[in-house]
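> Following this message is one structure expressed as structure tokens.
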2 protein chains.
Amino acid sequence: MNAPMITLTRRLRSTPFTSRIESFGVKTYTVYNHMLLPTQFIGVEDDYWHLRRSVQVWDVSCERQVELVGPDAARLAQLLTVRNLSSFAVGRCAYAPVVDHDGHLINDPVLSRLADDRFWLSVSDSDVVLWAGALAHGLGLDVKVFEPDVWPLAVQGPLAEDVAAAVFGETVREIRFFRFAPLAFEGHELLVARTGWSAQGGFEIYVDDAELGGALYDALMKAGEQHDIRPGCPNLIERIEAGLMTYGSDVTRDDTALEAGLGRYCALDAPIDAIGIEALRRQASTGLTRQVAGLLIEGDPVPANRNPWPVTAGGEMVGSVTSAVWSPRLGANVALGMIAIGHTPPGSNLVVQAPDGERRAVVSEVPFPGASQR
Amino acid sequence: MNAPMITLTRRLRSTPFTSRIESFGVKTYTVYNHMLLPTQFIGVEDDYWHLRRSVQVWDVSCERQVELVGPDAARLAQLLTVRNLSSFAVGRCAYAPVVDHDGHLINDPVLSRLADDRFWLSVSDSDVVLWAGALAHGLGLDVKVFEPDVWPLAVQGPLAEDVAAAVFGETVREIRFFRFAPLAFEGHELLVARTGWSAQGGFEIYVDDAELGGALYDALMKAGEQHDIRPGCPNLIERIEAGLMTYGSDVTRDDTALEAGLGRYCALDAPIDAIGIEALRRQASTGLTRQVAGLLIEGDPVPANRNPWPVTAGGEMVGSVTSAVWSPRLGANVALGMIAIGHTPPGSNLVVQAPDGERRAVVSEVPFPGASQR
């Protein structure tokens with residue numbers, strides 16, 4: 001069939017940047033946190049090469065913030081994530097898995113500490129505001145939980161720092177990886193973090209004023225003119241090569257944080273009071289049965305991957321491919337999947353049941369070779 | 001701009017019926033509860049007239065079920081909704097607003113009681129499973145909360161009963177409005193409820209087996225051949241005429257259940273233990289400042305309504321239009337909006353700032369005249 005169109009209504013929220021990206025000619029959208037997220041401008045391959053060589057401005061407003069503020073904010077933050085926050089200082093960001101009491105993944109946000117008693121969770125695609133709000137209510141915590149009007153704008157690509165410096169000043173170069181600083185734009189302080197959903201480097205700017213956001217968008221595009229800057233978006237090829245999982249596609253509520261390969265972010269040994277940490281400790285001690293893995297799939301470019309594709313080894317089902325795309329740089333199909341332990345070591349031979357037939361595949365290290373140029 | 005296309009990935013979940021509706025030629029999708037929901041087959045107007053005269057099968061799998069089961073299920077159900085459940089018997093369905101402790105709307109599900117200790121919330125577009133799960137955890141309740149694999153299929157339209165009777169037997173005619181019964185299809189019991197998101201009458205069938213669901217879809221289509229049955233979906237014109245609000249479009253977390261016009265479903269006087277009921281009682285006693293209202297907007301067909309349109313009266317802002325569409329039957333534009341009290345009585349004159357200019361409007365009773373033919 002032809003690709004169906006999307007019906008645009010208020011429920012699929014527009015952003016302060018929507019009119020700009022539509023005038024630039026966004027081709028396709030997805031919906032993420034009840035909000036529009038572009039997925040393609042010129043085309044996935046063209047956008048990919050451009051992202052790797054230049055710089056793009058991304059409307060990632062759909063990375064909604066869940067704010068925790070008040071006397072019990074720090075306690076709630078630690079309850080919400082299995083990451084150890086005991087030395088998590090103001091000005092830092094942390095990839096902080098949120099799981100239920102069985103250890104199953106509810107979200108994989110980036111957590112930022114804005115003040116001793118104030119946090120933002122920059123969430124992937126689930127309503128963490130409901131989970132956090134109900135916990136606070138049920139446990140009688142003294143903390144306010146809400147989604148502030150904040151629309152992140154990302155500047156990504158190898159030339160992102162030059163563009164950010166032209167707009168925010170040279171001090172932006174001093175922001176370290178997964179740190180943020182308040183920087184002025186037109187007299188208004190905005191949080192600028194060295195984070196982003198690519199391996200090409202760059203920043204995310206937390207825009208808390210819609211009108212100013214438009215001006216910032218234009219200023220970034222103008223500052224990047226000399227670098228052939230373009231509007232962009234998280235890129236399917238780049239993110240798979242970088243091993244960046246998508247919550248909802250590669251991992252879901254059916255998977256634990258350990259199965260999602262997030263063990264290094266889980267405080268399995270530290271004495272923290274976090275929902276689900278005990279379940280993860282039990283799973284770690286009994287052993288995993290499956291885990292996310294990277295795959296190189298042989299043959300011509302694979303078709304679009306809408307649903308998980310079965311994966312077999314020696315005729316036995318051993319998992320599924322959840323995201324797959326042709327990498328024009330590697331001349332092969334790169335993929336992520338959930339694979340039975342025993343078949344996850346790099347080099348393992350597998351067979352993928354793609355919609356157009358069986359293909360041989362081999363487990364690969366992630367990130368895939370050359371994903372990051374840094 | 002041209003309407004953008006939608007990128008289809010696992011995160012925007014397909015349903016057991018997706019391959020069928022795509023082979024029938026679905027034109028547009030929206031995303032609802034992280035799942036694909038068709039919005040148009042032949043066209044909104046053509047689909048509308050067909051729905052009013054015949055019968056359609058709707059893939060409303062996106063009406064996800066949140067199951068509560070266990071000794072504390074009834075207590076949690078009452079905590080979750082401000083509707084009085086004290087006489088809510090097994091076999092009944094109830095439109096049951098879920099609000100936060102400030103009375104703001106989190107969801108407006110249909111609640112069904114499957115057993116004394118087992119409930120389903122058929123939710124609109126927010127992750128109620130997280131809200132309910134965290135409450136249960138925080139309050140230490142003995143209840144399991146999860147989203148079962150259930151994909152509702154609706155049969156809607158004036159001839160729906162004949163089609164349902166051909167598939168499930170004559171007993172389906174005895175199911176009363178907002179009641180359900182377990183009925184057999186190919187030896188498997190399915191819950192069949194006389195509910196649905198139209199004013200044309202019909203049923204929703206809770207399919208809990210994907211393969212059986214495909215067979216049921218085909219059986220319904222075959223049984224309806226003589227009636228010119230077609231695949232369909234909730235219809236923009238029909239649902240506005242019927243005054244059916246969409247959570248996320250017409251009302252959001254910014255609005256209370258009373259502002260959403262749901263006062264008759266709120267137990268303002270009964271002694272129930274429900275989150276948010278006290279806040280609603282306070283608001284009821286101090287008085288509302290705004291409420292959802294129906295509007296007839298003059299002039300030619302309005303453009304697509306992507307964002308709220310400002311509404312004024314005597315030059316003053318008094319609200320916004322949140323959904324609007326041309327009704328070919330009424331020869332006028334029908335709309336829903338959030339309007340300041342004082343301007344909500346039917347007959348009130350307003351001015352709508354549509355994207356193509358100012359238009360006069362008048363507040364109308366909802367449902368609009370002739371919405372239902374029953």
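Every number in this text was worked out from the coordinates using simple rules, so none of it is lab data. Nothing here was measured: the structure is a model prediction, and the numbers come from that model. Glycine also receives a Cβ, built like all others from the backbone with ideal geometry; neighbour counts cover every protein chain displayed.
> Going from the alpha-carbon gyration tensor of segment B:92-158, what semi-axes, largest first and in whole Å, does one get by taking the root of 5 times each eigenvalue?
Working: eigenvalues 100, 50, 26 Å².
Largest first, segment B:92-158 gives 22, 16, 11 Å.
> Rg(Cα) of segment B:318-374 divided by 2.2 N^0.38 Å?
On the way: Rg = 11.7 Å, N = 57, 2.2 N^0.38 = 10.2 Å.
Computed over Cα atoms of segment B:318-374, the ratio equals 1.15.
> Over chain A, what relative contact order in percent results from Cα pairs under 8 Å that are six or more residues apart? Mind dumping the intermediate values first?
Details: 829 pairs, mean separation 63.9, N = 374.
Over chain A, the number comes to 17 percent.
> Grab the residue from chain B whose Cβ hugs the B-to-A rotation axis most tightly, plus its distance in whole angstrom.
Of all Cβ atoms in B, the one closest to the rotation axis yields B:Gly138, 1.
> Continuing with this model, one more query. If you plug each phi of segment B:4-14 into the Karplus form 6.51 cos²θ - 1.76 cosθ + 1.60 with θ = phi - 60°, what whole-Hz ³J(HN,Hα) values come out, in order, with x for Gly and Pro?
In residue order, the calculated couplings are x, 8, 10, 8, 9, 9, 4, 4, 8, 4, 6 Hz.
> Something else now. What Kirkwood radius, in Å to one decimal, follows from the Cα pairs of segment A:176-237? Walk me through the numbers on the way to the answer.
Values: mean 1/r = 0.0776 Å⁻¹.
One decimal place: 12.9 Å for the Kirkwood radius.
> Can you give me the relative contact order of segment B:223-368 as a percent, contacts being Cα pairs under 8 Å and 6 or more apart? Please report the intermediate quantities before stating the final value.
Working: 251 pairs, mean separation 38.7, N = 146.
Answer for segment B:223-368 is 27 percent.
> Determine the principal axes of the Cα atoms in segment A:32-90, then give the extent along each, sorted from largest to smallest and rounded to whole angstroms.
47, 27, 18 Å, listed from the longest principal axis down.
> Over segment A:208-265, what lengths in whole Å, largest first, do the semi-axes of the equivalent ellipsoid take, defined as the square roots of 5 times the eigenvalues of the alpha-carbon gyration tensor? Can you show the working numbers first?
Values: eigenvalues 236, 50, 19 Å².
That gives 34, 16, 10 Å for the three semi-axes.
> Round to a whole angstrom and tell me the spacing of the C-alpha centers of segment A:169-188 and segment B:332-360.
Taking the Cα centre of segment B:332-360 as reference, the centre of segment A:169-188 is 45 Å away.
> Continuing with the same structure: Under the convention of a label 7 Å out along Cα→Cβ, give the distances in nm from B:Pro301 to the same position in every other copy, shortest first.
Output for B:Pro301: 3.6 nm, nearest copy listed first.
> List the residues, sorted by chain then number, that are 5 or more residues from B:Ser124 or on another chain and whose placed amide H is less than 5 Å from its amide H.
The answer is B:Asp108.
> Specify the inter-centroid distance of segment A:110-144 and segment A:23-67, based on alpha-carbon positions, in whole Å.
26
> Say a label goes 7 Å from Cα toward Cβ at B:Gly214 in every copy; what distances in nm does this one have to the rest, shortest first?
Those label-point separations list as 5.0 nm.
> Something else about it: Given the DSSP H assignment, sum -39500 (n - 2.57) over each helix run of at least 4 residues in the protein assembly as shown and divide by its residue total; what's the result at 222 nm in deg cm²/dmol, nearest 500? List each step's numbers first, then the result.
Values: 16 runs with 149 residues, N = 748.
After summing the helix terms and dividing by the residues of the protein assembly as shown, the value is -5500 deg cm²/dmol.
> Can you check what the Kirkwood hydrodynamic radius comes to for chain B, Cα pairs only, in Å to one decimal? Mind dumping the intermediate values first?
On the way: mean 1/r = 0.0465 Å⁻¹.
Taking every pair of different Cα atoms in chain B, averaging 1/r and inverting gives 21.5 Å.
> Let me know the whole percent of all Cα-Cα pairs from segment B:200-338 that are separated by more than 28 Å. Can you show the working numbers first?
Numbers: 3989 of 9591 pairs.
Here the tail beyond 28 Å accounts for 42 percent of pairs.
> Please tell me the relative contact order of segment B:289-374 in percent, rounded to the nearest whole number, where contacts are Cα pairs under 8 Å and at least six residues apart. All intermediate terms of the calculation are to be shown ahead of the outcome.
Details: 192 pairs, mean separation 30.8, N = 86.
It comes to 36 percent, rounded to a whole number.
> How long are the semi-axes of the equivalent ellipsoid of the protein assembly as shown, taking √(5λ) for every eigenvalue λ of the Cα gyration tensor, in whole Å from largest down?
Values: eigenvalues 308, 197, 161 Å².
Equivalent-ellipsoid dimensions as semi-axes: 39, 31, 28 Å.
> Could I ask something else about it? Which distances in nm, rounded to one decimal and ordered from shortest, link the label point of A:Gly187 to the equivalent label points in the other identical copies, with labels set 7 Å from Cα toward Cβ?
Here the equivalent label points are 7.8 nm apart from this one.
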